[in-house]
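Working notes, structure below.
Please treat every number below as a calculation from the coordinates, not as lab data. If you're wondering where the values come from, they're calculated on a predicted model, not measured in any experiment. Reconstructed Cβ throughout: ideal geometry from the backbone, glycine too, with neighbour counts over all protein chains shown.
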């Protein structure tokens, strides 16, 4: 039932810096956008390539199978769009009148964000946890068990 | 006697016991007539024409006809329907035997008799409630942890014993050190004081350590037991049929598994163990006191039987009270579980006031029941305090008199007072034990209540494993009764593998019931459902349902990601399969637009999806398990026409090559159906293709006409 990954596709960049896709039939699509199908659980696979009108053109199961420079172009484009900081240390979680405020260290540096309700902390199975803040940014804890002891204890109050 | 039937109502619908007896040649009727002489009637079978049975709501009327006149009339409550039917069957057999029409009747007689016995046996088992020893039954749940239990017992005894050391040491401290020091009659070495103090400290530390161990071990046992209860109750619930869930309120079931087991855990880990320690302490104290001075011991322990008697009195009062309080609490939960998910309906009809009133009534009910319980209970606690104070007074009085007469020393009196007051301190909590025991017994009863329900779709032993089916379904003379209502009244229909059949008909005609029978959510009352030639009641249910795909009117999504929801029926599905199923169900595009795509959380607390979107996810879910038999129960009823078109496209994909039963009010949904079956009042009215049925100009044509008129209005 699975759709096979299209062969012989290429990415390029045009003069305006837009991502261009040459699909398996040789059709040129300008300004395509990559999107992840499983941004939290399988972020390195399953990339959907969408046209300007947000229609899916094709889907790439494994970007590593692409030839260079297509691969780097795609991965760069993804990296530019993708913003899911990974929480490494939890310093403080402060109860506010509505929701709570987190002070954390992520793989992108120190930050703090506000979370609306306890429901914004969602388990994704196998110890994965995603926290959605007020501005709809997603923060990921890939494995709760591998957090340090102090962070875990802080987390315990809310999850 | 050939057969008998107990009647429980008279012709005027008052409860009155009667008995109809069928013998070889006669029919006899006995009826209790209140205070008067019981009435007795008899007919010869040859004079009788017919025994008629008619369902009249919750009761059943039996009418005996002879010579075209009504000879007798009885009523029974609907619970006796099957017995009444069996009795009438026997009556007819017997008349046929008499008239010499039927020679094979004897053999059939036996069959019926067996059936009847089964019916009685089943009813006995259902109505039987195990005797009220729910707490004793808890012990059976603790069996796997008997080693831990033994450790807990040893620690409890040791820690209680350790508590006895301190007053014992105090006795010598007073007699050998303090009094000599004060009276200065003899020289006392100061280091003796240090020895006593350090001994007392040691005793305190020992008690602390043992108590710690005891508390932890006991809490762990309690946790084990309640976790096992929770697990087993939930497992049992999963085995129960849909009919059970239809009867029960969700909030009530939730509170049984949630809070009632919590009460039990608290009871075992705190109340029960405290009580056990108190009893031990009582025994230890009694032994020590009697060994020192029997007279004073009698005086000190005298009030105990009075308190015990009082406890016994109040126990009866509290028993019903706590059960009522627990019920009142779960009623409140039900109101909440009802109103909060239905908040849109509440607001739309501007019924907030009514819901507030409903809540207020439930809350008032809690207040009243608790208030009643508190009345008894609040009297009880100070009463115990008063009694213990009196008890201590007696010790002081008898003790002072004994000291004056030099029969005991001051040290012994001090020891006595310490022992007895530490015991009386516990008296208060000991008395609370009755209350907590009642509460726990009520909780245990409510949990076991669920555990004792027998699944009405019984688990089959030696059930046939069907494996992968071709998908042939046959209804053979199927009847289904719910209570006294006959919903399916004899349906025969054969559906070929890969055929799509549409069920059409007014609401309440029995379409969904028929589908539920095909899924074996319900058990047929008569007849049989066959799949690929296997009788469904001989088939392993789980194995059979792996062949089923279900798309319901209200798609239910669990709390979890979209990917998890799609792979619900096949958790081992690969991501490629999930994406492919979503594509086939036309769900891929909208899923991609969600912020977390396939990782978006949906369900009660998750992302809000429209009805059509949820329906497409549930179609993807059905597609992924690749079912041989597909059930579409009003799959497109709750969405707009535009969305319906998209769902229809997804469904067309799903239907291909599968046996499909589709129920629909919108006849357009059924355009791909090979045959349409019109069902009315539990019977098949018409069968045929769309065109055939229109030509026939019967019920279907009428429905179709009505739809067109609505569409053009």
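Where does the Debye-calculated log10 I(q)/I(0) of segment B:485-534 sit at q = 0.13, 0.16, 0.20, 0.23 Å⁻¹, using only Cα point scatterers of equal weight, no solvent?
-0.32, -0.49, -0.78, -1.03
To the nearest 10 degrees, how steeply does helix B:611-624 sit against the main Cα axis of chain B, on a 0 to 90 scale?
Roughly 90 degrees, rounded to the nearest 10.
Which log10 I(q)/I(0) values, to two decimals, does segment A:87-156 give at q = 0.24 Å⁻¹ under the Debye formula with one point per Cα?
Debye intensities relative to I(0), on a log10 scale: -1.18.
Please work out the FRET efficiency for the pair residue B:216 and residue B:77, using the Cβ-Cβ distance as r and a Förster radius of 56 Å; give the result to the nearest 0.05. Walk me through the intermediate numbers first.
Details: r = 55 Å, r/R0 = 0.98.
Step by step, r from the Cβ atoms, then E = 0.50.
Any chance you could list P(r) for the protein assembly as shown, counting all Cα-Cα pairs in 10 angstrom bins from zero, rounded to whole %?
2, 8, 12, 16, 17, 15, 11, 8, 6, 3, 1, 0, 0
Using the beta-carbon distance between residue B:291 and residue B:201 and R0 = 25 Å, what value does 1/(1 + (r/R0)^6) give for FRET efficiency, to the nearest 0.05?
With a Förster radius of 25 Å, E is 0.45.
Quickly estimate the mean residue ellipticity at 222 nm for chain B, helices only: each DSSP H run with n ≥ 4 gives -39500 (n - 2.57), and the total goes over all residues, rounded to 500. Walk me through the numbers on the way to the answer.
Numbers: 25 runs with 399 residues, N = 713.
Per the formula, -18500 deg cm²/dmol.
With no solvent and one point on each alpha carbon, what is the Debye value of log10 I(q)/I(0) for segment B:134-451 at q = 0.08, 0.09, 0.11, 0.16 Å⁻¹?
For segment B:134-451 at q = 0.08, 0.09, 0.11, 0.16 Å⁻¹, log10 I(q)/I(0) is -0.54, -0.64, -0.85, -1.32.
For chain B, count the residues as N, evaluate 2.2 N^0.38 Å, and divide the Cα radius of gyration by that value, please. Each step should come with its number before you reach the end.
Values: Rg = 36.6 Å, N = 713, 2.2 N^0.38 = 26.7 Å.
That works out to 1.37 for chain B.
Sort B:449, B:532, B:260, B:371 by Cβ crowding within 10 Å, fewest neighbours at the top. Display every interim value, and only then the final one.
Values: B:449 15, B:532 20, B:260 27, B:371 11.
Going from least to most buried by this count: B:371, B:449, B:532, B:260.
What 222 nm value per residue comes from the helices of chain A, counting each DSSP H run with n ≥ 4 as -39,500 (n - 2.57) and dividing by all residues, nearest 500 deg cm²/dmol?
Counting only the DSSP helices, I get -3500 deg cm²/dmol.
Give the order of B:651, A:19 when sorted by the count of other beta carbons within 10 angstrom, beginning with the fewest. Display every interim value, and only then the final one.
Numbers: B:651 27, A:19 20.
Fewest-to-most ranking of B:651, A:19: A:19, B:651.
Could you give the alpha-carbon Rg of chain A over 2.2 N^0.38 Å, rounded to two decimals? Let's see the in-between values first.
Numbers: Rg = 19.0 Å, N = 159, 2.2 N^0.38 = 15.1 Å.
So the Cα radius of gyration is 1.26 times the expected 2.2 N^0.38 Å.
Just to confirm the number: angle between the C-alpha axis of helix B:352-404 and the first principal axis of chain B, 0 to 90 degrees, nearest 10?
The two axes meet at around 20 degrees.
Report for the protein assembly as shown the percent antiparallel among DSSP-assigned beta bridges with both residues inside it, nearest 5. Let's see the in-between values first.
On the way: 92 of 111 bridges.
Counting DSSP beta bridges with both partners in the protein assembly as shown, the antiparallel share is about 85 percent.
Which value, to two decimals, describes the C-alpha radius of gyration of segment A:10-81 once divided by 2.2 N^0.38 Å? Mind dumping the intermediate values first?
On the way: Rg = 11.3 Å, N = 72, 2.2 N^0.38 = 11.2 Å.
The value comes to 1.01.
Consider just the alpha-carbon atoms of segment B:140-298 and return their Rg together with their Dmax, both in angstrom.
24.6, 87
Going by alpha carbons, how many degrees (0 to 90, nearest 10) lie between the helix axis of B:81-98 and the longest principal axis of chain B?
Taking Cα atoms only, the helix is inclined about 50 degrees.
Within 10 Å of each residue's Cβ, count the other Cβ atoms and sort B:381, A:106 from fewest upward. Kindly include the intermediate steps, with their values, before the conclusion.
Details: B:381 13, A:106 17.
Going from sparsest to densest Cβ surroundings: B:381, A:106.
Can you give the FRET efficiency for residue B:353 and residue B:608, using 1/(1 + (r/R0)^6), R0 = 35 Å, r = Cβ-Cβ distance, to the nearest 0.05? Please report the intermediate quantities before stating the final value.
On the way: r = 28 Å, r/R0 = 0.79.
Efficiency, from the Cβ-Cβ distance: 0.80.
Work out how far the C-alpha atoms of segment B:611-713 reach from end to end along every principal axis, then list the three figures in whole Å, largest first.
40, 33, 23
For residue B:409 and residue B:193, calculate 0.36 nm times their separation in residues minus their Cα-Cα distance, and state this gained length in nm to one decimal.
Values: separation 216, 0.36 × 216 = 77.76 nm, distance 1.90 nm.
The span from residue B:409 to residue B:193 would gain 75.9 nm if fully extended.
From the Cα gyration tensor of segment B:526-565, with a ≥ b ≥ c the square roots of its eigenvalues, which class applies: rounded if a/c is under 1.5, or else prolate if a/b is larger than b/c, or else oblate? Kindly include the intermediate steps, with their values, before the conclusion.
Details: a/c = 3.67, a/b = 2.44, b/c = 1.50.
Cα axes put segment B:526-565 in the prolate bin.
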